[in-house]
Every structure is written in structure tokens, then in C-alpha cells.
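The values are calculated or read from the model by the stated rules, or taken from the named source; none is laboratory data. As the structure is a computational prediction, the values presented were derived from the model and not from experiment. Don't worry about glycine lacking a Cβ; one is built from the backbone with ideal geometry, like all the others, and counts go over all protein chains shown. Just the protein is used for accessible areas: all its heavy atoms, side chains included, with ligands, DNA and RNA removed. Shrake-Rupley method; radii C 1.70, N 1.55, O 1.52, S 1.80 Å.
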Amino acid sequence: MTILCYHSVQPDWGSPLAMHPTTFEEHCDWLSKHRRVVPLAEAVDRLGHFGQLPRGIACLTFDDGFTGVRDYALPILTRYRLPATVFLVAKTLTEAGHPVDWVDTPAGYELTTLNVEQVLEMQSAGVSFQSHSDAHLDLTSLTFDDCVRDLRQSRELLESLLGRDVPLLAYPRGRHHEGVRAAAAAAGYTHAFTLPERRERAGPYAVPRVGLYRGNSVRNLQIKSSYPYLALRTSSAFRLGQRLNRAARRSRGGAP
Ligand SMILES: [Zn+2]
């Protein structure tokens, strides 16, 4: 089993990014009966050669921090007692804010992201929050220094808001290359998550996830979360990144 990536859960946005709550509930029902869903932070140290989790284990993650996750997914997650991680775009939580300007399929109304109060409330309810960069830019288009700055800024802002470490990063749109992976390490993350659309090399800074989209049934979930599906999208160089990973842990040292 593997790490699942959702975005929003809401009925009225017909985007691939927004799963209907009814479908999401079916997913949670199936996962609660057939898998052991563990917190992402607990899972990262158990990743195998292809970045996969041991058989029978799954993680739930949500990118972008849409309010739909609070309004529609959280009650379902709570009912099924499933842990989840939300990757936040740090700038959306600043006083100036940041609009949702990164989606390809607008809703026809203004899409909203979680505010600080809602994030803290969800954190108290057991939801974990990690970084989805500072402004949801395509990190592969930035210089190395700009990329480090963006990622460090996001981590520091989130750590001060949440009052806890933020060692995990999900690349916006899953996009990354060697420089982006090195920047993630330099910015103090221990692991970073992707969304491979084709075969790519897995590693601590390229941990593969599987995207679940509107219209994906429980059968789709079963197929997408199977080991062969993930193995087709990754190659077996997972351990090559361990040195970078250890360096990042060292660089975090006594950081707050
Ligand atoms: Zn995103």
C-alpha cells in the first residue's frame, strides 16, 4: 500500500481536484476495513525500496489546504478515525494572504483555503500539517537559491504557526528535478513527496504518492494503491538519497 494524495473534497466544484464527499466516504470506508491507515510522519521511516509502504499500510494526504477538507473530509475522517496530513501553501496563511491562482479548473466562485484559526483547530483534532511550499510556484522554474528561500520560508512560517516541526514537503504539482531535491534538503526537510505521472526514481526527496481524483471509485483506489501500480512509476534507487537525507537531518540540528 502507499501514500494517497487527495486535494479538495467538496460537492460543488466539478474539478478533478475535488472529490465528491460521497465518494470520499466510500474510500474511507474501504480503507478502514482493508488497510491500516497510519500518520505520514510514522510511515516515512518504513518506506521500502520503491518508496512503498509495507503491505496493508496506507497514508492519507491532502494538497493545497482547501477549506473543503475541513468542511467535508474532516467529519468523515473523524468518524472513521483515520489520520491525515494536509500540505499547506504557507503564503495563504499570512496576513496579506494568497489567492488560489494555481488550479487549471476554476470553480466559477472564489476557492478558499484554510485560515490560521481553522488550521489550529484541525491540528487539535489530530490532523497533521506540513509544507506545500510558500506560494505554489513551479519549483523547477526557480533558481536554486530562490527555491531554497521559498522552501525555507514556508517551513519557518508553518513551524512558528503550528508550534511544531515541519520536516515534510509536497512539491507543488509534484514537480521536481535534481536541483529542487537538493534545495529541499538545504531548506531543512527530511522527505519530499511527488506525484509521478511516469516512471521516475524514488528517494527520500522523491517519495511517490498516488493521486486520487473526482470520479475515482473504490475499485480505482484498490488498483492505484496496489504495489505493481506504484512500482511501474518508480525505479529502485530509493537508498541513493539517504546521504542527502542524513545531511538535512544534521543541518536541522537544534533548529526550533
Ligand atoms: Zn498543490
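Tabulated data
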read-out: Yes/no for residue 44 being part of a helix (DSSP H, G or I), away from the ligand (no atom under 16 Å from the Cβ) and aliphatic (A, V, I, L, M); value: yes
read-out: Residue satisfying all of: in segment 76-101; surrounded by 17 or more Cβ atoms within 10 Å (Cβ to Cβ) and in a loop (DSSP other than H, G, I, E, B); nearest to the ligand (Cβ to nearest atom) among these; value: 89
read-out: Positions within segment 14-28 being out of contact with any strand residue (DSSP E or B) (no Cβ under 9 Å at 6 or more places or on another chain) and touching a residue at least 60 places away in the same chain (Cβ under 8 Å), in sequence order; value: 14, 26
read-out: Filter pass, residue 146 being touching a Ser or Thr at 6+ places or on another chain (Cβ under 6 Å) and either in a helix (DSSP H, G or I) or crowded, with 23+ Cβ neighbours inside 10 Å (or both); value: no
read-out: Total residues in segment 1-39, condition within 16 Å of the ligand (Cβ to nearest atom) and either more than 22 Å from residue 174 (Cα to Cα) or surrounded by 18 or more Cβ atoms within 10 Å (Cβ to Cβ) (or both); value: 12
read-out: Count of residues meeting criterion [within 15 Å of residue 205 (Cβ to Cβ), touching a residue at least 40 places away in the same chain (Cβ under 8 Å) and within 16 Å of the chain's Cα centre (by Cα)] in segment 133-154; value: 2
read-out: Given (1) surrounded by 20 or more Cβ atoms within 10 Å (Cβ to Cβ); (2) more than 23 Å from residue 173 (Cβ to Cβ); (3) charged (D, E, K, R), index of the condition residue 63 fails; value: (2)
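Rundown of residues vs (1) open to solvent by 20 Å² or more (accessible area, probe 1.4 Å); (2) at pLDDT below 95, yes/no style:
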residue: 153; (1), (2): yes, no
residue: 167; (1), (2): yes, no
residue: 179; (1), (2): yes, no
residue: 195; (1), (2): yes, yes
residue: 206; (1), (2): no, yes
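Yes/no matrix, rows are residues, columns are (1) modelled with pLDDT under 95; (2) not charged (D, E, K, R):
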{"residue": "78", "(1), (2)": "no, yes"}
{"residue": "81", "(1), (2)": "no, no"}
{"residue": "86", "(1), (2)": "no, yes"}
{"residue": "91", "(1), (2)": "no, no"}
{"residue": "106", "(1), (2)": "yes, yes"}
{"residue": "110", "(1), (2)": "yes, no"}
{"residue": "114", "(1), (2)": "no, yes"}
{"residue": "119", "(1), (2)": "no, yes"}
